[in-house]
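Read the structure below first, then the notes.
The values are calculated or read from the model by the stated rules, or taken from the named source; none is laboratory data. All values reported here derive from a predicted model rather than from experimental measurement. Here the Cβ positions follow ideal geometry from the backbone for every residue, glycine too, while neighbour counts run over all protein chains shown.
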Amino acid sequence: MVIYSEENRWSDFDWFLGKYDFFYQKYGHKFFAIRHKTILGIYDNFDNALADNISKGFPVGTFIVQECTGDESGYTCLLYTSPSPRD
């Protein structure tokens with residue numbers, strides 16, 4: 001059984017980032033399912049990427065699905081917090 005570790009996830013994410021501009025130029029705005037630096041599929045939305053790979057026998061957590069938007073919004077998330085009204 002092949003384990004898909006946190007290290008594997010980060011390695012796949014870094015690999016994806018290194019090819020991000022190429023992927024966007026070639027495919028446009030898509031969602032990439034990736035495992036061990038291999039593209040499992042390219043999809044129009046997250047739900048299809050997840051469902052297709054689960055149906056192929058890859059349990060959730062054994063691959064990543066990464067959005068490619070052409071800019072950093074595809075791989076970053078900003079969280080804003082405001083002080084509690086009691087502060």
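Only helices (runs of 4 or more DSSP H) wholly contained in region 5-79 count here; list those with 3 or more residues that are touching a residue at least 24 places away in the same chain (Cβ under 8 Å) and surrounded by 13 or more Cβ atoms within 10 Å (Cβ to Cβ).
6-18, 20-27
Out of region 36-87, which residues are basic (Lys, Arg) and modelled with pLDDT of 95 or more? Let's see the steps before the verdict.
Filtering region 36-87 down to residues basic (Lys, Arg) leaves 37, 56, 86.
Correct list: 37, 56.
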